[in-house]
Amino acid sequence: MNKFRKFYDISQPVYDNCPGWPTYEVTTVRNEAFHERDHFNAEQIRLNSHTGTHLDAPYHFFPDGITIDRMPVELFQGEAVLADLRGKISAKEGIRTEHLKPYENLIREGVIVLLNTGWGEKRGFGEDYIHDWPYLTGEAARWLCGRGIKGVGIDAMSIGGWYEGTGRPCHEELLSHGVWALEEIRLPDELMEHRTCYLMAFPLKLQGFSGAPARAVAAV
C-alpha cells in the first residue's frame, strides 16, 4: 500500500513568454499541428534549459563537471526538509546559516533541503521576482554541504542572487560537491504544515546539458 496520503505538484508552469532569467531569450510556444487540420495536436517549444522549475547540474558552473543526463536518477528523490523562511528573509537578502539552524536536527546526510522564501507566490515580471529575490549565501551553502545533503531547492528564480557577487558563491559551493540545485519551485501553504516531505524531481534526460526542466512533486 502506498505510504503517502497526498501529492503536491510544486512545479511552476512553462508557457509562451513565461518568466525566465532576464538575459535569456524568452520562451516561445507555437502549435505545430492542429486537430482541425491534422487530426491531432502537437506543439513546439523553444526555451533555455534553465527556465521554469529546473535542476542545475555541476556542468552549469564547471566545464569538467557532470552533465544532467549522467547524474544517477536516485539523486533526484528522497526525504526533504521544508525550511519556512517566509517573513524571515527580505528582497535581495542572503539566506545565512542562522536562518537554517532551526532545522539543524533534520538536515543530515542524504536529505534534500527546500527553501520557502515566499517568492514562489510572486512569480511574474515584477522587479521583486525578476531581480530582487532572496538567495542562498556561499557560507550557508558550505554549511549545508558539510552536513552531506544531496540537493537544495528554492522558490525563487535562482539559488544564487541576481546582483554582482551573489550568484556564483552558492552555485560553486553546491555544484563542486555534487549537490544539485532545484530552482523556481512553489511550495503551497498546505504542504508547509509539515516539517518534511518526500521529494521527486526528475529532470529531462537532455544529453550534455548543464540543467533541465523537471516536474517536482512533494509527497506526505
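The values are calculated or read from the model by the stated rules, or taken from the named source; none is laboratory data. What you are looking at is a predicted structure, and each value in this text was computed from that prediction instead of being measured. Using ideal geometry, Cβ is built from the backbone for each residue, glycine included, and neighbour counts are taken over all protein chains shown. For the accessible areas, the whole protein counts, side chains as well, though only heavy atoms, and no ligand, DNA or RNA atoms are used. Shrake-Rupley method; radii C 1.70, N 1.55, O 1.52, S 1.80 Å.
Given DSSP loops and a limit of at most 16 other Cβ atoms within 10 Å, what is the longest stretch of the chain that contains no such chymotrypsin sites (Phe, Trp or Tyr not before Pro)? Before the final figure, lay out the partial values.
Details: sites that count: PHE4, TYR15, TYR24, PHE34, PHE40, PHE125, TYR163.
By the stated rule (loop sites, at most 16 other Cβ atoms within 10 Å), 41-124.
So if each residue of separation counts as 0.36 nm, and I subtract the Cα-Cα distance between ARG5 and GLU172, what length gain in nm does that give? List each step's numbers first, then the result.
Working: separation 167, 0.36 × 167 = 60.12 nm, distance 3.68 nm.
Taking 0.36 nm per residue and subtracting the Cα distance, the gain is 56.4 nm.
Find out how many positive minus negative residues lie around ARG186, taking Lys and Arg as positive, Asp and Glu as negative, among other residues whose Cβ is under 9 Å from that of ARG186.
Values: positive: ARG123; negative: ASP9, GLU121, ASP155, GLU184.
Net local charge, ARG186 excluded: -3.
Per-residue ellipticity at 222 nm for the chain, helices alone: DSSP H runs ≥ 4 residues times -39500 (n - 2.57), over residue total, nearest 500 deg cm²/dmol? Each step should come with its number before you reach the end.
On the way: 5 runs with 30 residues, N = 220.
Mean residue ellipticity, 222 nm, calculated: -3000 deg cm²/dmol.
In terms of the Cα gyration tensor, with a ≥ b ≥ c the square roots of its eigenvalues, is region 1-59 rounded because a/c is under 1.5, prolate because a/b exceeds b/c, or oblate?
Values: a/c = 2.64, a/b = 1.18, b/c = 2.24.
Oblate, since a/c reaches 1.5 and b/c is not below a/b.
Using the Cβ atoms and a cut-off under 14 Å, what net charge is assigned to the surroundings of GLY151, where Lys and Arg are +1 and Asp and Glu are -1?
Working: positive: ARG108, ARG147, LYS150; negative: ASP56, GLU74, GLU79, GLU109, GLU173, GLU183.
My count for the surroundings of GLY151 gives -3.
Take the alpha carbon gyration tensor of region 98-145, find the square roots of its eigenvalues, order them as a ≥ b ≥ c, and report rounded if a/c is under 1.5; if not, report prolate when a/b exceeds b/c, else oblate.
Prolate, since a/c reaches 1.5 and a/b exceeds b/c.
Could you tell me the relative contact order of the chain? Use alpha-carbon pairs under 8 Å, at least six residues apart, and round to a whole percent. It would help to have the intermediate numbers written out before the result.
Numbers: 511 pairs, mean separation 66.1, N = 220.
It comes to 30 percent, rounded to a whole number.
Where only protein heavy atoms count, and the probe is 1.4 Å, what is the accessible area per residue for region 1-62 in Å²? Please report the intermediate quantities before stating the final value.
Numbers: 4110 Å² over 62 residues.
Normalised by residue count, the accessible surface of region 1-62 is 66 Å².
In the neighborhood of GLY208, defined by Cβ-to-Cβ distances under 14 Å, what is the net charge if each Lys or Arg adds +1 and each Asp or Glu adds -1?
Details: positive: ARG70, LYS205; negative: ASP64, ASP69.
Counting the neighbours of GLY208, the net charge comes to 0.
Scan the chain and hand back the longest stretch that contains none of the GluC sites (Glu not before Pro) lying in DSSP loops with at most 16 other Cβ atoms within 10 Å. Spell out each step's value before the answer.
Working: sites that count: GLU25, GLU104, GLU109, GLU164, GLU190.
Counting only loop sites that pass the neighbour cut-off, the longest clear stretch is 26-103.
Just one of (i) 0.93; (ii) 1.00; (iii) 0.98 is Rg/Rh (Cα atoms, Kirkwood Rh) as worked out from the coordinates here. Which one is it?
Computed from these coordinates, Rg/Rh (Cα atoms, Kirkwood Rh) corresponds to label (iii).
Label points 7 Å out from Cα along the Cβ direction at GLN44 and ARG30: separation in nm?
Going by the 7 Å Cα→Cβ label model, 0.6 nm.
For the chain, which whole-number percentage of the solvent-accessible area (1.4 Å probe, protein heavy atoms only) is attributable to carbon and sulfur atoms? Walk me through the intermediate numbers first.
Numbers: 5400 of 10780 Å².
Carbon with sulfur: 50 percent of the solvent-accessible area.
Relative contact order for region 64-155 using alpha-carbon pairs under 8 Å, separation at least 6, rounded to a whole percent?
Values: 124 pairs, mean separation 35.1, N = 92.
Averaging sequence separation for qualifying contacts and normalising by length gives 38 percent for region 64-155.
Can you give the longest run of the chain that contains no trypsin sites (Lys or Arg not before Pro) sitting in a DSSP loop with at most 10 other Cβ atoms inside 10 Å?
On the way: sites that count: LYS3, ARG5.
Longest stretch, sites excluded: 6-220.
Hey, got the dipole for the chain? About the Cα centre, +1 on K and R Cβ, -1 on D and E Cβ, debye to the nearest 20? It would help to have the intermediate numbers written out before the result.
Numbers: 23 positive and 31 negative charges, 115 e Å.
Charge dipole of the chain: 560 debye, to the nearest 20.
What lysines could a cross-link reach from LYS6, if we take a straight Cα to Cα line under 30 Å and drop same-chain neighbours fewer than 8 places away?
By straight Cα distance, LYS6 reaches LYS88, LYS101, LYS122, LYS150, LYS205.
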